[in-house]
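Student: Below you will find the structure I want to go over with you.
The values are calculated or read from the model by the stated rules, or taken from the named source; none is laboratory data. Keep in mind the model is a prediction, meaning the values are calculated, not measured. Cβ coordinates were reconstructed from backbone atoms using ideal geometry, including for glycine residues, and neighbour counts include every protein chain displayed. Just the protein is used for accessible areas: all its heavy atoms, side chains included, with ligands, DNA and RNA removed. Shrake-Rupley method; radii C 1.70, N 1.55, O 1.52, S 1.80 Å.
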Amino acid sequence: MTAVSALTRFLAGVFPGMPEIASAHGARLDALNAYIHWLMLVLFVAWGLFFVFLLVRFRSRRNPRADYHGLRTHASSYAEIGVAIAEAILLVGFSIPLWSQRADAFPAEEEAVEMRVVGEQFAWNVHYPGPDGLFGSSRVDLVNVETNPLGLDRNDPAGADDVTTLNQLHLPVDRPAIVHLSSKDVIHSFGVPEFRVKQDGIPGLETPMWFVPTVTTAEMRERTGDPEFTYEIVCNQLCGLGHFRMRGFVTVETQAEFDAWLVSQAPTAGAADSFWQ
Ligand SMILES: [Cu+2]
């Protein structure tokens, strides 16, 4: 990479040291992050120079008597208006559209892969609806930490074919993923740095979030030169003593690989069999 292209990337928001981007909206978020920091840098330097100017210009030796009239130009008002306009552009032109896309413009459920992710001290429970596309109901009295951490009711027709995993999230590439996030105990936070997503999971609430993963795990291994690379779900809320080990793993793969994985995870007992044979 030439020095010029490195500088161009830097100015456009590709800060060195940031994780690779592996989602459709990631580059826009990074760019916004960069614009905000560039504006803050300009303000920091400009206000700092202005402050030094004032110290020199209004030193007591040159101004033995206070001037009660004060400022006679409008330069500082114009500067304030300029800063306000730049901040309004960042807010209205970038932040609000980006946020409304994340919060309101959910993809159609037919084209997306949906899953529930339920945090607990200290693991991520993942729940796929199975081939019928319907999540089976969960009941507190069915919760068993070892065998049924979600309390999934397998006798519910919608739940017979559901797939559950512990700390393993699989996603097909280039297809919107909708995650319904919640928690069994305290506030956790679902974050995957490469997807540029971070969302609190709150007990008693189900919070939907969505993103489109764009780089498979295999591609990312090539790109990073790290044959062991794995996307990680990191908990972003200090949720207890085991917070440090609350990690989940995400595999982004082709649709065919994802389908095969889902079949391999299908429950084998009872009514579910008919769906898979
Ligand atoms: Cu946690």
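Student: Residues to consider are GLY26, GLY13; find the one that is closer than 23 Å to ARG102 by Cβ, within 19 Å of the chain's Cα centre (by Cα), surrounded by 12 or more Cβ atoms within 10 Å (Cβ to Cβ) and at pLDDT 90 or above.
Tutor: Result of the check over GLY26, GLY13: GLY26.
Student: What number of residues within the stretch 195-219 satisfy the criterion of being hydrophobic (A, V, I, L, M, F, W, C) and open to solvent by 50 Å² or more (accessible area, probe 1.4 Å)?
Tutor: Matching residues across the stretch 195-219 total 3.
Student: Hey, among the residues in the stretch 162-173 that are away from the ligand (no atom under 16 Å from the Cβ) and outside any strand (DSSP E or B), which one's surrounded by the most Cβ atoms within 10 Å (Cβ to Cβ)?
Tutor: Among them, the one singled out is ASP162.
Student: So, one more: Go through the stretch 147-161 and report how many residues are surrounded by 17 or more Cβ atoms within 10 Å (Cβ to Cβ) and outside any loop (DSSP other than H, G, I, E, B).
Tutor: 2
Student: Report yes if some residue within the stretch 91-100 is open to solvent by less than 40 Å² (accessible area, probe 1.4 Å) and in contact (Cβ under 8 Å) with a residue 60 or more places away in the chain; otherwise report no.
Tutor: Among the residues of the stretch 91-100, at least one is open to solvent by less than 40 Å² (accessible area, probe 1.4 Å) and in contact (Cβ under 8 Å) with a residue 60 or more places away in the chain, which makes the answer yes.
Student: Now for a separate question. From the list PHE106, PHE50, PHE58, PHE122, pick out the single residue that is away from the ligand (no atom under 16 Å from the Cβ) and in contact (Cβ under 8 Å) with a residue 60 or more places away in the chain.
Tutor: The unique qualifying residue is PHE106.
Student: Return a yes/no flag: does the stretch 102-120 have any residue that is more than 30 Å from GLY159 (Cβ to Cβ) and either modelled with pLDDT of 90 or more or not in a loop (DSSP other than H, G, I, E, B) (or both).
Tutor: Checked against the condition, which is being more than 30 Å from GLY159 (Cβ to Cβ) and either modelled with pLDDT of 90 or more or not in a loop (DSSP other than H, G, I, E, B) (or both), the stretch 102-120 yields no hits at all.
Student: Pull up the stretch 220-237, narrow it to residues that are acidic (Asp, Glu), more than 17 Å from THR254 (Cα to Cα) and out of contact with any Phe, Trp or Tyr (no Cβ under 8 Å at 6 or more places or on another chain), then point me to the one that is surrounded by the most Cβ atoms within 10 Å (Cβ to Cβ).
Tutor: Per the stated criteria, the residue is ASP226.
Student: Over 33 Å from the mean Cα position of the chain (by Cα), open to solvent by 90 Å² or more (accessible area, probe 1.4 Å) and not aromatic (Phe, Trp, Tyr): does that describe ARG65?
Tutor: The answer is yes for ARG65.
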